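> Once you've had a glance at the structure underneath, I'll fire off some questions.
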Amino acid sequence: QVQLVESGGGLVQAGGSLRLSCVTSGRTFKDYVMGWFRQSPGAEREFVAGISWGGGQNTYYADSVKGRVVISRDNAKNTVYLQMNSLKPEDTAVYYCAAQTRAGSWAASTTYGYWGQGTQVTVSA
């Protein structure tokens, strides 16, 4: 059974930084993408960033976080990270780690078959 466990969320002041971690166990679909999504109350879940599991660290970012967020991975540790800098109150959301299980758009949540429980990020003004 594949498990994804996020950590690193919390309360941070605007302009601050957080690093989220996603530790995976069991089978992972490393031919595809590990992604981060987020969801705030009343909003739909949205793609934040993704990184391929292949040898090349191919990444993709949502426009809303581009330049402020860096996704990275450590395959040996089965861990994906999301470094978030210059945080804004609008970044407040529950952040989810997900494993893509079929080919498709990096940002398409329907292509991700495994999800973590989420970690809350709250950014105060």
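> Report, by residue number, each residue of the stretch 73-106 that is within 13 Å of the chain's Cα centre (by Cα), open to solvent by 40 Å² or more (accessible area, probe 1.4 Å) and modelled with pLDDT of 95 or more. So that I can check it myself, show each step before the final result.
Start the filter on the stretch 73-106 by keeping residues that are within 13 Å of the chain's Cα centre (by Cα), which leaves 73, 79-84, 91, 93-100, 106.
Those still in the list that are open to solvent by 40 Å² or more (accessible area, probe 1.4 Å) too: 83, 106.
If the condition is that a residue be within 13 Å of the chain's Cα centre (by Cα), open to solvent by 40 Å² or more (accessible area, probe 1.4 Å) and modelled with pLDDT of 95 or more, then Gln83 is the only one that fits.
> Assuming Gly50 fulfils every condition listed in (1) more than 17 Å from Lys88 (Cβ to Cβ); (2) touching a helix residue (DSSP H, G or I) at 6+ places or on another chain (Cβ under 9 Å); (3) modelled with pLDDT of 95 or more apart from one, which condition is it?
(2)
> Same structure, new question: Report whether or not Thr119 is at pLDDT 95 or above, closer than 12 Å to Glu6 by Cα and β-branched (Val, Ile, Thr). First the steps, then the outcome.
On the way: at pLDDT 95 or above: yes; closer than 12 Å to Glu6 by Cα: yes; β-branched (Val, Ile, Thr): yes.
The answer is yes for Thr119.
> Could you list, in sequence order, the residues of the stretch 109-125 that are out of contact with any Leu (no Cβ under 9 Å at 6 or more places or on another chain) and in contact (Cβ under 8 Å) with a residue 40 or more places away in the chain?
In the first step, residues of the stretch 109-125 are kept if they are out of contact with any Leu (no Cβ under 9 Å at 6 or more places or on another chain); the result is 109-113, 118, 125.
Those that are out of contact with any Leu (no Cβ under 9 Å at 6 or more places or on another chain) and in contact (Cβ under 8 Å) with a residue 40 or more places away in the chain: Ser109, Thr111, Tyr112, Gly113, Gly118, Ala125.
> State the number of residues belonging to the stretch 72-125 that are closer than 15 Å to Thr59 by Cα, in contact with a helix residue (DSSP H, G or I) (Cβ under 8 Å, 6 or more places away or on another chain) and part of a strand (DSSP E or B).
Here the count works out to 3.
> Out of all the residues in the stretch 35-53, is one or more under 17 Å from Trp106 (Cβ atoms), touching a residue at least 60 places away in the same chain (Cβ under 8 Å) and open to solvent by 80 Å² or more (accessible area, probe 1.4 Å)?
yes
> Right, Arg19: open to solvent by 80 Å² or more (accessible area, probe 1.4 Å), more than 19 Å from Gly8 (Cβ to Cβ) and either modelled with pLDDT of 95 or more or more than 10 Å from the chain's Cα centre (by Cα) (or both) or not? So that I can check it myself, show each step before the final result.
Working: open to solvent by 80 Å² or more (accessible area, probe 1.4 Å): yes; more than 19 Å from Gly8 (Cβ to Cβ): no; either modelled with pLDDT of 95 or more or more than 10 Å from the chain's Cα centre (by Cα) (or both): yes.
It is false that Arg19 is open to solvent by 80 Å² or more (accessible area, probe 1.4 Å), more than 19 Å from Gly8 (Cβ to Cβ) and either modelled with pLDDT of 95 or more or more than 10 Å from the chain's Cα centre (by Cα) (or both).
The values are calculated or read from the model by the stated rules, or taken from the named source; none is laboratory data. Just so we're clear, the structure is a prediction, and the values are computed from it rather than from any experiment. Cβ atoms come from the backbone with ideal geometry, glycine included; neighbour counts cover every protein chain shown. Please note that ligands, DNA and RNA were not included when accessible areas were found on the heavy atoms of the full protein model with its side chains. Shrake-Rupley method; radii C 1.70, N 1.55, O 1.52, S 1.80 Å.
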